[in-house]
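Taking it in order: structure first as structure tokens, then the write-up.
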Amino acid sequence: MQPEFNPSEIEAKWQKKWEEKKVYEMDFKKAKDPYYCLVMFPYPSGARLHVGHWYMYSVPDSFSRFQKMRGKDVFHPMGFDAFGLPAENFAISTGTPPAESTEGNVGVMIEQFKRMGCMYDWSKTLNTSKPDYYKWTQWLFLKMFEKDLAYRKDANVNWCSGCKTVLANEQVWEGKCERCDTDIILKPMTQWYWKTKEYAQKLLDNLEELDWPEKTKIMQKNWIGRSEGMNFKFKVKDSDVEFEVYDSVPQTFRAQTFAVIAPEHPLLTELIKGQENEQEVLDFIERVKKKKATKKYNFEEDLEGVFTGRYVEFVTGDLPLWVASFAVMDYGTGIVNCSVHDERDFAFAKKYDIPLHVVMVPEDEKEAKKVKNLEYCFTKDPDGIMLEPEEFKGRRWGEVRGDIIKYIEKEGIGYPVVQYRLRDWTISRQRYWGSLIPIVYDPDGKAHPVPEEHLPWKIPIDVEFKPTGTSPIAESKELKKRVEKIFGKGWTPEVDTMDTFVCSSFYQFRFLAENGQKELVPKTVEKKWMPVDMYIGGPEHACMHLIYARFVTMALKDMGHVSVDEPFQKLFHQGLITHKGAKMSKSKDNVVSPDDFVEKYGSDVFRLYMMFMGPFADGGDWNDTGIKGPDRFAKKAYKKIIQSKFGEQSKALTVGLNRTIKKCTEEMEALRFNTAISSLMEFLNLTEKEGIDKDSAETFVKLLAPLAPHLAEELWENLGGKGFVVEQEWPKFDPKLIQSDMVTIAVQVNGKLRGDFEAGSGILEKDAISQAKAVENVKRFIEGNKIKKEIYVEGKLVSFVV
RNA sequence: GCCGCUGUGGUGGAAUGGUAGACACUAGGGACUUAAAAUCCCUUGGACAUUAGUCCGUGCUGGUUCGAGUCCAGCCAGCGGCACCA
């Protein structure tokens, strides 16, 4: 009676053995060939691991195992991004304090990860919501504050009056609260910012060096949005107010006939004070602000404005100043000078009958006439002919830019500047479940850092953690007392917490540290292990986490705390697993529960199937019956190795084996596990015909080890292998042995396949051609025709042109 | 609107410019079985022909090439990101 393949038994057995023998524990100092493979850590939400988790974590685990067998000292850690909304929402819905419920959820997740069979070193896990972690989040804030990279400013936040809470942009759906459907309004609150803009240029420049997907680099580039232009100087007529205006197209500065100012501009109320239509302008500002707050704002439909009654002095004359809905406060200076040569300005001027002045026309006379008659907007055409300024008359828009910039500078009207679309990072959150910002205010309201010795600056627990509007932390009597005791009477705490993206902006360093150490990360270890060699995670973080982590790393480098300015040398985005062609979601009722399948088929088979669906970068579409393929493969492999009477290695098997090694190695290196698995299937199919010898069996098991770790250990043990298969050396192939003795050569006539023949692999070109001519079916096509050309591709193909 | 990616059988997907559809799934047929499951064997892009073979076929239209899923140009469709940025 043969033993049956029993995944749950095998998997439990090997998980226990790995743990007992501490196979995956990493000694940072002893490691000789460090390889840091990091996967974006999960947040505990209270739900069980879903298919996405299994895909995102089990596949990189296979990759890490592959690298380990190739001789790398692989550090592949796992932690928990435990602060933030998902954990807080879970706590609110269950009525359990977040610290407690998060602890429980993390415990459950760890058990599930163990069931997955991942090679995580659990002695080095981390949890961002623990005091020994958030101490460093707060430390980071203090350093930012110290280096003047943190500041306070009033800003509008998304406010839901239903939930009485501030919402993140992601929680606002079409202007409404994702939970209670109430209209969102913008509410001004004082927020802490970090100066990401300060690093905009470096964030852009460094992209060149990174081994990242091109599309992600482009996304970041667009997000940073570098733009070169000029600032023009303005003075408001009959007033002392002066300001500057940014223009990225200075070529047409002579066309400027009016200016617009953003409704949120701080100078605006002063400018309109006492003006005839002051009330009209104020009403307009209110209306636009409200409309913008609904997030339903549409540029074309909602293009509107009102004249302020003021004029600004410019070289082209006195320009009327309008308040306009389309002017953006947080780009440039909040004021725009407008001209006929801009689509939006043009539309606005037409709507309100504002005079326009053409300074550039198309070459074609008819078209030029139309443009002069303001029939349409002529903009940014390299072939446009300049009319003004006089010195540039007749030159083309496309080549005149540099000279005009010099001219403007010389005339003293403006000077060149670089603008970025990237905004400073608002890190304040009016939430309970996060790292408390380590700031206190003196009786005059001035901000002071909490000295490092008081870190971790603990989250108070004497509060209602459900959201009320202000940070729940404001209610804490304990925190108030604590502050007065340390700093003195009348001092008050900052009650906001930090964005969870702060926690995850430096975790790559904290994995390398131990609790109780006096620095963020020990210098020698950091230098040896950073940057991360392979970083894996979803593309949705391209412009959030991946910018923040880069920014924080750069800042830490400049402060001398770390040795690298880029945290992630290589980046890889996993694809998405869909079901029935759609993203899995409860509302579509197409969610696949991994637990049922793991129960039935085991973790190995489940993992194999996910990898087999397609390249890791592409994800795949889940199919309930598709898993049978990898299941049959696992069973066959088990049967083959367990009960085989090993014989001699046939020539064909030698070739097959060497090819399989080559293919597996190349495909796994590129994270294309689907083709690695199919090559192993092909090899196993080949053994049905050719039989198998012990040597091939051992090699096969090693190749299988990263993909089906438990099964491979079991088979390795059965083969009498020493130690763990995951600790074995990765097989090497012999290039001489991937060529078989006989090859099939295809014959084409005029590019169409007409036959083939068998030949020795060393066949000479002239023999191949003469044999090709002799192929029965080929004869039919070349007979009676003159052969114009004969092409031979070695060992593969003969092609005739007749 | 701008930027990027992707289009291959019934399905997931393979193919350094060189035999399109590897490897699987599904479906159909058969073997074993009292039966089912499991397992094994055969067929499985379409049409004609059923021995040989021929024609068509990788979103569409062209181009380069002896030869194009692959390279180039233009279009169409789907997905993702950004979106009043002066």
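The values are calculated or read from the model by the stated rules, or taken from the named source; none is laboratory data. If you're wondering where the values come from, they're calculated on a predicted model, not measured in any experiment. Because the Cβ atoms are built from the backbone with ideal geometry, glycine has one as well, and the counts that use them run over all protein chains shown. We work out accessible area using only protein heavy atoms, side chains counted, and drop any ligands, DNA or RNA first. Shrake-Rupley method; radii C 1.70, N 1.55, O 1.52, S 1.80 Å.
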Query raised in the report: Full extension from A:D589 to A:D353: what is 0.36 nm times the residue separation minus their Cα-Cα distance, to one decimal in nm?
Result: 79.5 nm
Requested in this report: Please label the shape of the stretch A:579-632 as rounded, prolate or oblate, based on the square roots a ≥ b ≥ c of the eigenvalues of the alpha-carbon gyration tensor (a/c under 1.5 means rounded; beyond that, a/b larger than b/c means prolate, else oblate).
Outcome: oblate
**Report entry** Cα gyration tensor category, rounded, prolate or oblate, for the stretch A:1-136 with a/c compared to 1.5
**Finding:** oblate
Query raised in the report: Mind listing P(r) for chain A? All alpha-carbon pairs, 20 Å bins, whole percents.
Result: 13, 34, 30, 19, 4, 0
Query raised in the report: Considering only protein heavy atoms, what per residue accessible area in square angstrom results for chain A with a 1.4 angstrom probe?
Result: 46
Query raised in the report: ³J(HN,Hα) across the stretch A:98-108 via Karplus (A = 6.51, B = -1.76, C = 1.60, θ = phi - 60°), whole Hz, x for Gly/Pro?
Result: x, 4, 6, 5, 5, 4, x, 5, 5, x, 5
Requested in this report: Mind grabbing the accessible area of A:D148 for me, 1.4 Å probe, Å², rounded to tens?
Outcome: 90
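So if R0 is 22 Å, what FRET efficiency would A:K215 and A:M544 give, r being the distance between their Cβ atoms, rounded to the nearest 0.05?
0.90
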Query raised in the report: How do A:I218, A:I224 rank by accessible surface area computed with a 1.4 Å probe, from largest to smallest?
Result: A:I218, A:I224
Query - For A:M219, solvent-accessible area (1.4 Å; no DNA, RNA or ligand), Å² - result: 80
Report summary line: Applied in sequence order to the stretch A:432-443, the curve 6.51 cos²θ - 1.76 cosθ + 1.60 (Karplus, θ = phi - 60°) yields integer Hz couplings, x standing for Gly and Pro, of 7, 8, x, 6, 5, 5, x, 10, 10, 10, 7, x
Report summary line: So, with points 7 Å from each Cα along the Cβ direction, the A:E276-A:D621 label distance in nm works out to 6.6
Query raised in the report: Of the accessible area of chain A, with the probe set at 1.4 angstrom, what percent is carbon plus sulfur?
Result: 49
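Tell me, what is the FRET efficiency for A:Q739 and A:E682 to the nearest 0.05, using R0 = 30 angstrom and their Cβ-Cβ distance as r? Write out the running numbers ahead of the final one.
Values: r = 17 Å, r/R0 = 0.56.
Rounded to the nearest 0.05, the efficiency is 0.95.
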Requested in this report: Express in nm, to one decimal, how much length is gained between A:T94 and A:N750 on full extension, taking 0.36 nm for each residue of separation and deducting their alpha carbon distance.
Outcome: 228.8 nm
Query raised in the report: According to a simple spin-label model (label point 7 Å from Cα along Cα-to-Cβ), what is the distance in nm between A:K370 and A:E9?
Result: 8.2
Query raised in the report: To the nearest 10 Å², what's A:Y792's accessible area with a 1.4 Å probe?
Result: 40
Requested in this report: Mind giving me the FRET efficiency for A:V241 and A:I110? R0 is 56 Å, r the Cβ-Cβ distance, nearest 0.05 is fine.
Outcome: 0.35
Query raised in the report: Considering only chain A, what is the antiparallel percent among its DSSP beta bridges, to the nearest 5?
Result: 75
Report summary line: So the angle from the long Cα axis of helix A:628-643 to the longest Cα principal axis of chain A, reported in degrees to the nearest 10, equals 40
Report summary line: Pseudo-spin-label distance A:D381 to A:E514, built 7 Å along Cα→Cβ, given in nm, is 7.2
Query raised in the report: Measuring from a point 7 Å past the Cα of A:E391 along Cα-to-C-beta, which residues in the stretch A:218-254 have an amide N at less than 14 Å?
Result: A:251, A:253-254
Query raised in the report: Taking H as built 1.01 Å from N, whose amide H comes closer than 5 Å to the amide H of A:Q748, not counting residues under 5 places away?
Result: A:R754, A:V798, A:S799, A:F800
Query raised in the report: Which residues in the stretch A:741-759 have a backbone N closer than 15 Å to a point placed 7 Å from the Cα of A:K651 along the Cα-to-Cβ line?
Result: A:741-744, A:758-759
Requested in this report: Treat every Asp and Glu Cβ in chain A as -1 and every Lys and Arg Cβ as +1, leave all other atoms uncharged, and give the resulting dipole magnitude about the Cα centre to the nearest 20 debye.
Outcome: 1860
Query raised in the report: Using helices alone, what [θ] at 222 nm do you get for chain A, with -39,500 (n - 2.57) per DSSP H run of 4 or more residues, divided over all residues and rounded to the nearest 500?
Result: -11500 deg cm²/dmol
Query raised in the report: Name the GluC sites (Glu not before Pro) in the stretch A:207-305 that are in a loop by DSSP and that have at most 12 other C-beta atoms within 10 Å, would you?
Result: A:E276, A:E300, A:E301
**Report entry** Global form of the stretch A:621-680, assessed from the alpha-carbon gyration tensor, a/c cut-off 1.5
**Finding:** oblate
